[in-house]
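Student: Encoded as structure tokens, here's the structure I'll be asking about.
The values are calculated or read from the model by the stated rules, or taken from the named source; none is laboratory data. Quick caveat: nothing in here was measured; it's all calculated off a predicted structure. Cβ: placed from backbone, ideal geometry, glycine included. Neighbour counts: every protein chain shown.
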Amino acid sequence: MNPKAPECPSCKRAVLPRAENPCFPFCSGRCKAIDLGRWLGGEYRIASAPDEDEDGNTPPEVPPTDA
Ligand SMILES: [Zn+2]
């Protein structure tokens, strides 16, 4: 296993390094929202804050896509 190729907690795909990926440790903002939605949806109990030191309060809804 390559320690420099972390997996997205949501979809298990390869994740870009933090330096290149504002959504780290997720592969994308969508996966980040999915995981956060699980947290806020009660699938997990929020006993202690997850290991996030930056904007970890994104709402679970997918942002509106005005195409
Ligand atoms: Zn993902």
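Student: Scan region 17-32 residue by residue and report those that are over 8 Å from the mean Cα position of the chain (by Cα) and either closer than 17 Å to Pro63 by Cβ or in a loop (DSSP other than H, G, I, E, B) (or both). Full working, then the answer.
Tutor: Our first condition is that a residue be over 8 Å from the mean Cα position of the chain (by Cα); within region 17-32, this holds for 17-22.
Correct list: Pro17, Asn21, Pro22.
Student: Right, next: Go over the candidates Pro17, Pro50 one by one and state the one that is at pLDDT 90 or above and more than 12 Å from the ligand (Cβ to nearest atom).
Tutor: Matching residue, one of Pro17, Pro50: Pro17.
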